[in-house]
Amino acid sequence: FFMLSRWEESVASVRDEHGRFPAHASVAYKQGFLDRPIVDEYALVLQAWLRVLRPGWTPQAHSFSVHLSHDIDSVRMINKPALGAKVLAADLLKRRSIGSARATLQAAFDQARDPYLQGIYTLANLSEEHGFRSAFYFMASDPGPRDTGYPVDTPLMHQCFADLQKRGHELGFHPGYRTTEKPEVFTQELERLKSVYPAPLVGGRQHFLRCRFPDTWRQWAGAGVTYDSTLGFPEQEGFRCGTCHPFKPFDIHAQRQIELLELPLIVMDVTLFMYRKLTPALAEERVLLLARRCQQVGGVFTLLWHNSSLQGSWLPWLAMYRRVLSRLRQMLDEQA
């Protein structure tokens, strides 16, 4: 109950600059079990005792699975003239790379070939190469300090949505930065996105992983979607809820179960690179360690990789991501 309800987050006052409950303030981090699905491990112990007490009892079987997800924070690498000029200058004067300068100009003037937009297709291709289908969470926010506010009702985006759906990928919702405090903005963005999506919207994740409990869960449930996948710490990978199984949250204020599935986020690319500052090799070890722990309890390994994490300083991580997908496929095939 303590881990799944996120009770500690509802009573703690400590928050980071984005209003998020930090990993280092959690009991799991302080007591050293954030990297273990402790709720699932206890469930297996209970299951073993029940088998002793009831020899004829057969527990429900759970199989390991992988959920690849992608938060589409932006579809333009260069979305402002001033930024384009700054990047171009760095390409020529700092990096001294004609190739990079050409790519920057291409991104500024040819949106269809923008690296961020093409990154969506690259992620889809990588998933399909390894036998996966991904969930792509798109935004529909207005421009703001923390939201790029890219338009979704354009021919280019309509084509992108149709392509992903045709290829069997999921289209989801990525609410903007302000939606955590403003339910009316959440509803506005959701309706804007639903008006252009070619398929029913099933789930998604909050931008910046900003959430409040049980308010955020209530918001998602009220929207009529099936699941939310926000519950992961931005600065530390692991099991924020102590589980890697989808579960129905409990509203500790209303004392009732919420009709929504929470699909815990286990690892995010930005966590490994920007917060933890790991090398690709060390990051790969961490990702696969957590994936194996999900496998041991028959849970869902949920991985977040952004379309903007495929070029520039992220380029060395692309090979690592490929290797991770290959190993995850092997792990799934081993249990088949």
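Some values worked out for this structure:
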{"quantity": "Those residues of the range 295-336 which are part of a helix (DSSP H, G or I) and under 15 Å from the mean Cα position of the chain (by Cα), in sequence order", "calculated": "321"}
{"quantity": "Complete set of residues in the range 228-249 that are crowded, with 19+ Cβ neighbours inside 10 Å and out of contact with any Phe, Trp or Tyr (no Cβ under 7 Å at 6 or more places or on another chain)", "calculated": "229, 230, 231, 232, 233, 237, 238, 239, 241, 242, 243, 245"}
{"quantity": "Residue tally, condition surrounded by 11 or more Cβ atoms within 10 Å (Cβ to Cβ) and not hydrophobic (A, V, I, L, M, F, W, C), over the range 37-60", "calculated": "7"}
{"quantity": "Selection within the range 37-92 - within 30 Å of residue 1 (Cβ to Cβ), of a type in the set (S, T, N, Q) and either modelled with pLDDT of 90 or more or in a helix (DSSP H, G or I) (or both)", "calculated": "47, 58, 63, 65, 69"}
{"quantity": "Candidates 175, 151 - the one that is assigned to a loop (DSSP other than H, G, I, E, B), touching an Asp or Glu at 6+ places or on another chain (Cβ under 7 Å) and not basic (Lys, Arg)", "calculated": "175"}
{"quantity": "Filtered residue count, the range 252-268, keeping only those that are in contact (Cβ under 8 Å) with a residue 24 or more places away in the chain and either surrounded by fewer than 18 Cβ atoms within 10 Å (Cβ to Cβ) or of a type in the set (Val, Ile, Thr) (or both)", "calculated": "7"}
{"quantity": "Qualifying position, being surrounded by fewer than 21 Cβ atoms within 10 Å (Cβ to Cβ), in contact with a helix residue (DSSP H, G or I) (Cβ under 9 Å, 6 or more places away or on another chain) and at pLDDT 95 or above, among 282, 303, 328", "calculated": "282"}
{"quantity": "Positions within the range 1-36 being open to solvent by 30 Å² or more (accessible area, probe 1.4 Å), in a helix (DSSP H, G or I), free of Cβ contacts under 8 Å to residues at least 24 places away in the same chain and not charged (D, E, K, R), in sequence order", "calculated": "11"}
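Yes or no, residue by residue, for (1) at pLDDT 95 or above; (2) touching a Cys at 6+ places or on another chain (Cβ under 7 Å); (3) closer than 21 Å to residue 251 by Cα:
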position	(1), (2), (3)
152	yes, no, no
171	yes, no, no
187	yes, no, yes
193	yes, no, no
200	no, no, no
210	yes, no, yes
217	yes, no, yes
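A quick yes/no check of all residues on (1) open to solvent by 30 Å² or more (accessible area, probe 1.4 Å); (2) within 17 Å of residue 73 (Cα to Cα):
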| site | (1), (2) |
| --- | --- |
| 126 | no, no |
| 137 | no, yes |
| 141 | no, yes |
| 165 | yes, no |
| 171 | no, yes |
| 175 | no, yes |
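The values are calculated or read from the model by the stated rules, or taken from the named source; none is laboratory data. Predicted model only: the values in this text are computed from it and were never measured. We place every Cβ from the backbone using ideal geometry, glycine too, and count neighbours over all the protein chains shown. The protein model used for the area step is the full one, side chains on, heavy atoms only, and it has no ligands, DNA or RNA in it. Shrake-Rupley method; radii C 1.70, N 1.55, O 1.52, S 1.80 Å.
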